[in-house]
DNA sequence: GTAGAAGCTAGAGTCGGCTCTAGATCAAGC
DNA sequence: GCTTGATCTAGAGCCGACTCTAGCTTCTAC
């Protein structure tokens with residue numbers, strides 16, 4: 001029923017180093033038990049928590065905030081509103097990131113479109129002029145708002 | 001017509017330190033000119049490139065890859081396909097990030113939903129049991145697939 | 001002509017999140 | 001019993017992307 005650190009590493013995708021580090025950082029919901037000789041013993045539910053943890057991490061929640069959440073949870077009932085608002089704040093943060101990425105995507109696709117069009121028409125050599133020699137040409141036109149970067 | 005480093009910092013949102021660092025890292029499309037006394041002089045188009053640069057950075061393109069792109073561009077025409085495939089690879093990377101964030105969002109919203117429901121019904125105290133004392137209760141039920149983390 | 005702001009260089013420091021090392025102990029299979 | 005591999009602790013090292021410092025020079029405004 002109990003899992004070794006190696007098994008947990010394999011199931012969670014985290015390294016054994018990272019698991020020990022997470023423990024030291026107080027990121028486990030429940031204290032990690034030990035065998036008589038000092039080896040760590042984990043539960044299935046630790047793996048489940050690590051899966052959530054990993055999602056929070058990969059969406060940009062810092063270990064410090066995860067610890068905060070864990071500490072609230074460990075205190076037991078009475079602070080559910082705090083935990084909820086922590087989650088809601090992160091939800092907002094994730095939405096912001098998605099919005100930001102979509103903006104980036106628009107820029108990238110715009111540039112991809114320019115290259116595709118130009119390559120089709122065989123005009124690629126006009127896409128980039130690294131010298132500062134033609135300010136007149138550069139100023140005023142706006143068919144490529146990132147001229148210097150096309 | 002020319003801009004000082006301070007002006008570029010203000011317009012681009014990057015610090016003067018970062019601008020000098022970017023230059024040292026070879027991230028400018030065109031060489032940064034200097035006054036007779038050694039002060040940097042920038043062009044409007046440098047600011048435009050920095051705007052693109054910032055989008056690439058904030059969508060996770062490393063400075064190393066940006067430099068690669070810049071180097072291709074500086075070489076002049078003939079490598080447009082390489083530049084295009086670099087952009088397309090990044091586009092894919094951004095799409096992956098968005099997909100990942102959406103998965104994270106689903107997890108967060110699931111947990112937010114649990115808290116909201118429980119708080120409404122005043123059942124918050126059952127949301128978290130930090131002890132390992134009730135394995136029987138924990139095993140088998142699946143109404144919260146992240147029990148240890150609710 | 002002088003104070004204060006802005007710029008210069010080289011290089012050190014920071015931060016988060018691990019990763020890796022050393023040196024020792026422990027467990028499992030033959 | 002012995003080997004091999006897993007685990008332990010404490011602490012050092014690493015990476016990217018800046019940020020900051022020190023000590024100096026150069027503008028700008030009065």
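Within region A:14-39, the set of residues being farther than 19 Å from residue A:74 by Cα, in a helix (DSSP H, G or I) and more than 9 Å from DNA strand D (Cβ to nearest atom) comprises just one member, A:18. Which residues, taken from region B:36-60, are surrounded by 18 or more Cβ atoms within 10 Å (Cβ to Cβ) and at the interface with chain A (Cβ under 8 Å from one of its Cβ atoms)? Once the filter is applied, which keeps residues that are surrounded by 18 or more Cβ atoms within 10 Å (Cβ to Cβ) and at the interface with chain A (Cβ under 8 Å from one of its Cβ atoms), region B:36-60 yields B:43, B:45, B:46, B:48, B:49, B:52, B:53, B:55, B:56, B:59.
If you go through region B:12-25 and keep only what is exposed (fewer than 13 other Cβ atoms within 10 Å of the Cβ) and in contact (Cβ under 8 Å) with a residue 12 or more places away in the chain, you end up with just B:13.
Remark: residue A:96 matches the filter, which requires a residue to be loosely packed, with under 14 Cβ neighbours inside 10 Å and at pLDDT 95 or above. Restricting A:86, A:101, A:119, A:63 to residues that are facing chain B (nearest Cβ under 9 Å) and modelled with pLDDT of 95 or more narrows the list to A:101. Of all residues in region A:40-53, at least one satisfies being modelled with pLDDT of 95 or more, more than 13 Å from DNA strand C (Cβ to nearest atom), in contact with a strand residue (DSSP E or B) (Cβ under 6 Å, 6 or more places away or on another chain) and assigned to a strand (DSSP E or B). Residue count for region A:1-11 satisfying the condition of being touching a residue at least 12 places away in the same chain (Cβ under 8 Å) and within 11 Å of DNA strand C (Cβ to nearest atom): 1. Here residue A:11 does not fit the description of being more than 22 Å from the chain's Cα centre (by Cα) and within 14 Å of DNA strand D (Cβ to nearest atom).
Quick check on residue B:79: is it within 13 Å of chain A (Cβ to nearest Cβ), more than 20 Å from residue A:112 (Cβ to Cβ) and away from DNA strand C (no atom under 15 Å from the Cβ)? Spelling it out, it is not the case that residue B:79 is within 13 Å of chain A (Cβ to nearest Cβ), more than 20 Å from residue A:112 (Cβ to Cβ) and away from DNA strand C (no atom under 15 Å from the Cβ).
Here residue A:72 meets each of (1) in contact (Cβ under 8 Å) with a residue 12 or more places away in the chain; (2) within 16 Å of DNA strand C (Cβ to nearest atom) with one exception, condition (2). Among the conditions (1) away from DNA strand D (no atom under 16 Å from the Cβ); (2) closer than 30 Å to residue B:73 by Cβ, residue A:100 misses just one, which is (1). Scanning for something outside the structural domain of residue A:14 (by TED's automatic domain parsing), without any contact (Cβ under 8 Å) to a residue 40 or more places away in the chain and either closer than 30 Å to residue B:121 by Cβ or not in a helix (DSSP H, G or I) (or both), does region A:109-116 turn up at least one residue? Within region A:109-116, none of the residues are outside the structural domain of residue A:14 (by TED's automatic domain parsing), without any contact (Cβ under 8 Å) to a residue 40 or more places away in the chain and either closer than 30 Å to residue B:121 by Cβ or not in a helix (DSSP H, G or I) (or both). Scanning region A:54-69 for residues that are without any contact (Cβ under 8 Å) to a residue 12 or more places away in the chain and in a helix (DSSP H, G or I), we see that the one that is nearest to residue A:11 (Cα to Cα) is A:55.
The values are calculated or read from the model by the stated rules, or taken from the named source; none is laboratory data. All values reported here derive from a predicted model rather than from experimental measurement. With ideal geometry, Cβ positions are generated from the backbone for all residues, glycine too; neighbour counts draw on all protein chains shown.
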